[in-house]
Amino acid sequence: MRKTSGLKIAGQPDPGVPKDVRLVGRYALTSEMTWPAEITRTAEGLSVTWVDRHTSLYPYLELRALCRCAGCTGGH
């Protein structure tokens, strides 16, 4: 997991908090098993309520560490 200094620059957005969230990719499980019913941005991370009504919290730093897009990997 990538570590950050935790210092925030006044007037600048927190780089650990995403501006936008999109579901991408294809998965082997059916949508009834895995599709989110609701995704909510919280101060701690993304709160996901699944179609079976259980909830999960995904902290932003952990999501960013898992993401392989150019924005999250620094363009590499």
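What follows is calculated from the coordinates using simple rules that are stated; it is not laboratory data. All of these numbers come straight from a predicted model, not from anything done at the bench. Reconstructed Cβ throughout: ideal geometry from the backbone, glycine too, with neighbour counts over all protein chains shown.
Past the 15 angstrom mark, what percentage of all C-alpha to C-alpha distances in segment 34-73 do you count? Cα-Cα pairs of segment 34-73 separated by over 15 Å account for 47 percent.
How do 42-48, 66-72 rank on mean C-beta neighbours within 10 Å, highest first?
Highest mean packing first, the order is 42-48, 66-72.
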